[in-house]
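The next block holds one structure in the form of structure tokens; read it before the comments.
The values are calculated or read from the model by the stated rules, or taken from the named source; none is laboratory data. Bear in mind the structure is a predicted one, so any value in this text is a computation, not a measurement. Note: ideal-geometry Cβ built from the backbone for every residue, glycine included; neighbour counts use all protein chains shown. Surface accessibility is based on the protein's heavy atoms, side chains included, excluding ligands, DNA and RNA. Shrake-Rupley method; radii C 1.70, N 1.55, O 1.52, S 1.80 Å.
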Amino acid sequence: MEAVPARARAYVVCVALLAVLSALPLPATHAPWWALTLLAALYAACDHVVRRRLGGTFYPVLLAGAFLLPPPAAALVPLPAALLARVEDRPVWLRRVWRAAQPSLAVWGAASVHWALGGRDAVVGCDFPYALVPAGAAVLAFCLVLTALDGGIRATAERVPVRRAWRGLLSRSLAPVAVHGLAGLMMAVLWRSRYGPVAALLVLLPMCVSCWVFAQYHRERAAHQATIRALVQAVDIKDGYTRGHSERVGQASVMIARELGMDDDRVEVLRFAGILHDVGKLGVPTRLLRKDGPLTPEERRIIELHPEYGHEMVRGISFLGEARTAILHHHERLDGSGYPYGLVGTQIPECARVVAVADAFDAMTSTRSYSRARPVEAALTELERCAGTQFDPRMVTALARALGHHGWHPAVTADETAQRVPAQQPVADSRSGASR
């Protein structure tokens, strides 16, 4: 109980009172109790299976209730599921009340909009495509209520700033809820047809399969993230001077990719490439990575093997896609003097050219054992000086524009007491991320 702020408890109580008020007119609606009972039991069973086995939420039955029942009756459909569901975190009563009140208000809002637009008659008469209009409005109302309530709980319980509490919630929920709404409408139409509720249950089978597919996708994605985190942590432990460098290169790569207008899938791949670009350092002797003094030519040749080591390590990880080529070629230079293969110009993969700029930028704006951090403006000036010979000018320009829009907050990655060289060396000649 003590872990939940008082304002969050008050917020949940207010939401619960609103849910109670929404159901008060129930006796005057002459709702079909058998339909309400069947839908509530069906939702409780589906919610239990989906939460325990698949993860996530399951709205088709709720939205079918919004299309079939009067608003006060529809508001009762989520209650058995909330009362019977297992709650592991405390305070149990508060979380149970929230799980009941939030969907109750959402389905009440959807049912109110649906009935106000004449959706009930359209469902009973199977009046297509007109039935899609009130159903679509009801789905939108359902999403808006969920978004409003979720943002409120984030602001009160999680102390998210008010200006950010609702950001992105509606856009993320609208598409999946729309799919669930279409399934709910199909259930409602079949329910009202001469085939009855039994036929309506058939709609749930493909929806359950769809939920299982999405659950598998999210589990696989979580496994990918865990794999990447493990590799990055291993590099950070081995090369303490660059701790945090990989994540920041991933962030800078994303900024460049978005500025270039790449699609979301490629942006995600570039993030992976930036995060894992130095994974090959796991194959380099630790004494060389942590050496404070100048490297001998032989030591430099050994360190310059790390892109090939990295490529070999991730070659079998299929979800990385073109990120693997970025890991291999991010130290190539446009003039052909880079490594490991001395590629020239557009022979260097685009993703590698993005990571090269992001890597050099973070190396220059982070303090290490052999160099002090430079101001962002100085780092950009150096990148522009080397554009066309070492770096792709498009990537440098994209980074400069992105920094102008979003700014940059570099972190110190080396031990403050470590030995540092006082002079600032050009990025093309230093042992910063551009060559080490």
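Quick notes on this one:
- Taking the C-alpha atoms only, the angle from helix 132-157 to the longest principal axis of the chain is near 60 degrees.
- In degrees, nearest ten, helix 393-406 long axis to first principal axis of the chain (Cα): 50
- Acute angle (nearest 10 degrees) that the helix 204-238 long axis makes with the longest principal axis of the chain, alpha-carbon atoms: 30
- Per-residue Karplus couplings for segment 37-49, computed as 6.51 cos²θ - 1.76 cosθ + 1.60 with θ equal to phi - 60°, are listed in order as 5, 5, 5, 5, 5, 5, 5, 4, 5, 5, 4, 5, 5 Hz, Gly and Pro entered as x.
- Burial order of peptide ranges 115-124, 295-304 (average beta-carbon count within 10 Å, highest first): 115-124, 295-304
- In Å², nearest 10: area of Arg229 left accessible to a 1.4 Å probe: 130
- Per-residue ³J(HN,Hα) for segment 62-76, Karplus 6.51 cos²θ - 1.76 cosθ + 1.60, θ = phi - 60°, Hz, x for Gly and Pro: 4, 6, 4, x, 5, 7, 9, 10, x, x, x, 6, 4, 5, 8
- Inter-part distance where segment 11-79 and segment 221-268 are each reduced to a Cα centre, Å: 42
- Apolar share of the accessible surface for segment 327-385: 52 percent from carbon plus sulfur atoms, 1.4 Å probe.
- For the chain, the solvent-accessible area of protein heavy atoms averages 48 Å² per residue (probe radius 1.4 Å; ligands and nucleic acids excluded).
- Modelled spin labels at Arg164 and Arg7, positioned 7 Å past Cα toward Cβ, are 1.6 nm from each other.
- Share of carbon and sulfur in the accessible heavy-atom surface of segment 76-118 [1.4 Å probe, %]: 60
- Coupling constants for segment 174-185 follow from the phi torsions by the Karplus curve (6.51 cos²θ - 1.76 cosθ + 1.60, θ = phi - 60°), and in residue order they are 5, 5, x, 5, 4, 5, 4, x, 4, 5, x, 5 Hz; glycine and proline get x.
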